[in-house]
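Input: a single structure, listed below in structure tokens.
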Amino acid sequence: MRWFFLLLLAINVVIYISYRDVDLSLDSAVLAVSDDQNRILLLSETTSAEGESVRDAASLKEGASEVAAAGVAEEVNDLGCLLLGPYKSRDELRRDATLVVGAKMLAERYERSADFWVYLGPYPSFDSAANISAELRAKRIDNFIIRGGVLQNAISLGVFTTDERAAVHAKRLLKKNYQVAVKRVPKEGERYWLSYTGRAGTELYTAAELAMEKKTDNNKSLGKKSCNLIASHRELD
């Protein structure tokens with residue numbers, strides 16, 4: 001019986017030692033051994049180092065993006081926009097455009113002048129307007145029926161170049177009990193420009209500026225304009 005008891009005791013000792021080694025290996029925070037520095041790295045140190053590496057990489061990427069954006073903004077700010085004109089003739093514009101490498105031909109709509117119309121109506125139909133028109137002619141009041149536009153089937157009683165003259169005529173008709181009105185009607189025109197867009201100070205920009213300066217005259221001038229203003233014009237083919 002004594003040898004059997006000693007055998008059980010020996011088995012218990014072996015099991016205790018085995019479980020103690022396992023606990024020690026689990027509780028240990030050791031991950032690896034560095035060959036070059038011969039020191040032990042802990043898990044907490046490794047996690048912190050990896051976090052710093054990720055943050056450093058993100059900072060570098062963000063810094064690179066900011067530098068790239070600044071470069072684009074600087075390049076846009078360096079753009080210069082030259083505008084020569086206005087030209088009244090497309091043929092003259094095309095001739096000058098051949099002398100400037102990279103130039104564009106632009107067209108711009110503008111208000112050349114305005115007329116002031118004194119009128120009656122508009123009326124529901126052409127026939128009703130025609131009846132009023134005949135009545136006016138019988139009283140020796142010149143008029144004509146407007147056939148289209150926002151004043152279609154209205155009766156024009158005069159077109160004037162200034163609002164003062166139109167107002168005087170309207171007052172005369174009001175005294176005759178005609179409820180007339182005055183409308184400003186703009187008259188649009190089209191003019192043309194030669195433009196060049198490039199980086200100020202470059203060889204091509206300087207050459208374009210010199211070539212365009214030679215084409216200035218009493219009607220056309222060369223100026224450095226806002227690039228947004230130039231972009232609002234219509235480009236010609």
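Can you tell me which residues in region 174-215 are farther than 30 Å from Lys139 by Cα and aliphatic (A, V, I, L, M)? Steps first, answer last, please.
Residues of region 174-215 that are farther than 30 Å from Lys139 by Cα, as a first pass: 186-215.
Listed by number, the residues that qualify are Leu194, Ala200, Leu204, Ala207, Ala208, Leu210, Ala211, Met212.
So which residues in region 154-187 are touching a Ser or Thr at 6+ places or on another chain (Cβ under 6 Å) and touching a residue at least 40 places away in the same chain (Cβ under 8 Å)?
The initial filter retains those residues of region 154-187 that are touching a Ser or Thr at 6+ places or on another chain (Cβ under 6 Å), namely 155, 187.
The one that is touching a Ser or Thr at 6+ places or on another chain (Cβ under 6 Å) and touching a residue at least 40 places away in the same chain (Cβ under 8 Å): Lys187.
Give me a count of the residues in region 189-232 that are farther than 16 Å from Arg94 by Cβ and part of a loop (DSSP other than H, G, I, E, B). Break it down stepwise before answering.
Let us first name the residues in region 189-232 that are farther than 16 Å from Arg94 by Cβ, namely 189, 197-210, 213-214, 216-219, 221-232.
Keeping just the survivors that are part of a loop (DSSP other than H, G, I, E, B) gives 200-202, 214, 216-219, 225-226, 232.
So the answer is 11.
A short reminder: the numbers here are calculations on the coordinates, not readings from a lab. Given the structure is predicted, the values throughout are model-derived calculations rather than measurements. Don't worry about glycine lacking a Cβ; one is built from the backbone with ideal geometry, like all the others, and counts go over all protein chains shown.
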